[in-house]
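These notes are about the structure you will find just below.
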C-alpha cells in the first residue's frame, strides 16, 4: 500500500509539472538506461581491444621471430621439431589466439615475400598450431560471417580446401561466399577448375569478380592456362567478355588472336574496342589491314583504339594510313593520339612527324611540341 501510495504521489506530482519539464523528465528517463548500456558496451569493447592487443604482442614476441626463422630456413622441420622449437601446447590455444597467430603468420609472409619461403616448413607451422583444422571447422560449421572469414584465411594460407567442402559453397545463397568459393574452386580444383567460366562466373558479375578471377588465373599460370577465347565467344555478358579479352592481352595468349579476329565485327562497340586493344598489344600483324580498312566507319572510341593498335604493331606498312587519319581528324584529341602514333612509328614516322610540324601553325604547333615533349604543359 505504501509503494502504491508513493507511486500515485509521484505520478500526480509529475502531471502537475509544466509541459516542458515533463518532456525533459521523460527523455532523461528513457535515455539514461540507453546511455548506461552504450557506456558499458564501449568499456567492454575497449577492454576486449586492449586484451587482444596485449595477447598479440605476447604471441608476437614469443613466436614471431622463431616462426620467421623456421619458415625461411633451408632445413626441413617436422611437426614435432616445430612444436619442440616453439615450445607450446596446441591444446591451450583458444580461438582468439589461433586467429591472432593466423594474422602473425600471414603478416610475416606478406612482409618477407614468397621468394625464399620454405613451403614445407610453412605448411608444417600452420599445422603445428592446428590452424588448418580450426579454419576448416569454421568453414564447415560456422555462421555466415565465420565461413566467409574462414574461406578468406584458407585462401590466404594457400591451403587446398577439400573438394566436397568447397563445392557445396559454390552455389550458396550468399553472394560473397558463393563468389569467393568459386574463385577458390578455380585454383584448387584438379578436375574442372574453369567450369564456372561457362556460367559467366556468376549471374552478378562485377569489378571485384574481375580482381578475384585475375588473381586465380595468375596463380595457375605456371600450370598453363586454357584458351580463354572460348568463353569470350560463348558468353552473352559483355562485361565478362571484355574482361576475358583483357586477360588474353595480359597473359599474351597470341594463340587466341585468330578467334578474336573473327569477333572483330561484333555490334558491341565496347567489346570491339577491347579486342582491338588486345590484338594491338599482342602485335598481331594479320589484323592490321582489317583494322585500317574500316577505320573511317568506326566510332571515335574505336578509331582511337585502332590508332594505338597500329602504333603497337608497328609493321612499317601503315604510315600513309596514319598520315591520312591525321589530315582527316576533326578534333584535338584524335590529332594528339595520331601524332603520338606517327612520332613512335620508327625513323620514317619521325620524319613524317617533322614534316607535318613544319607546315603546322597556331595551336597545332603546341600539339606537336606536346607530343614530342609530353612534359610541356600548355
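The values are calculated or read from the model by the stated rules, or taken from the named source; none is laboratory data. Everything numeric in this text was worked out from a predicted model, so none of it was measured. A quick note on method: Cβ atoms are made from the backbone with ideal geometry, for glycine too, and the neighbour counts reach across all protein chains shown.
Details
- Of residues in region 299-326 being at pLDDT below 90 and closer than 14 Å to residue 286 by Cα, the one surrounded by the most Cβ atoms within 10 Å (Cβ to Cβ): 318
- Some residue of region 83-99 being assigned to a loop (DSSP other than H, G, I, E, B), in contact with a helix residue (DSSP H, G or I) (Cβ under 8 Å, 6 or more places away or on another chain), free of Cβ contacts under 8 Å to residues at least 60 places away in the same chain and more than 16 Å from residue 159 (Cα to Cα): yes
- Region 247-260, residues that are part of a helix (DSSP H, G or I) and either farther than 19 Å from residue 206 by Cα or out of contact with any helix residue (DSSP H, G or I) (no Cβ under 7 Å at 6 or more places or on another chain) (or both): 249, 250, 254, 255, 256, 257, 258, 259, 260
- Selection status of residue 56, touching a helix residue (DSSP H, G or I) at 6+ places or on another chain (Cβ under 6 Å), part of a helix (DSSP H, G or I) and closer than 20 Å to residue 135 by Cα: yes
- Among residues of region 105-122, those that are assigned to a helix (DSSP H, G or I) and surrounded by fewer than 17 Cβ atoms within 10 Å (Cβ to Cβ), counted: 7
- The set of residues from region 202-241 being assigned to a loop (DSSP other than H, G, I, E, B), within 15 Å of the chain's Cα centre (by Cα) and surrounded by 14 or more Cβ atoms within 10 Å (Cβ to Cβ) comprises just one member, 205.
- Hey, residue 345 in contact with a helix residue (DSSP H, G or I) (Cβ under 9 Å, 6 or more places away or on another chain), surrounded by 13 or more Cβ atoms within 10 Å (Cβ to Cβ), farther than 19 Å from residue 287 by Cα and at pLDDT below 90 or not: no
- When 198, 239 are screened for being under 23 Å from residue 266 (Cβ atoms) and at pLDDT below 90, only 198 passes.
- Unique residue being buried (at least 20 other Cβ atoms within 10 Å of the Cβ), within 19 Å of the chain's Cα centre (by Cα) and over 19 Å from residue 268 (Cα atoms) when the list is 185, 250: 185
- Restricting attention to region 149-171 and to residues that are at pLDDT below 85 and in a loop (DSSP other than H, G, I, E, B), the residue that is surrounded by the most Cβ atoms within 10 Å (Cβ to Cβ) turns out to be 161.
- Selected residue [farther than 27 Å from residue 373 by Cβ, in a helix (DSSP H, G or I) and touching a residue at least 12 places away in the same chain (Cβ under 8 Å)] from 264, 244: 244
- Scan of region 278-298 for residues that are surrounded by fewer than 21 Cβ atoms within 10 Å (Cβ to Cβ) and part of a helix (DSSP H, G or I), ordered by number: 281, 285, 286, 289, 290, 292, 293, 295, 296, 297
- Among the residues of this structure, residue 22 counts as one that is farther than 22 Å from residue 133 by Cβ, modelled with pLDDT under 90 and surrounded by 13 or more Cβ atoms within 10 Å (Cβ to Cβ).
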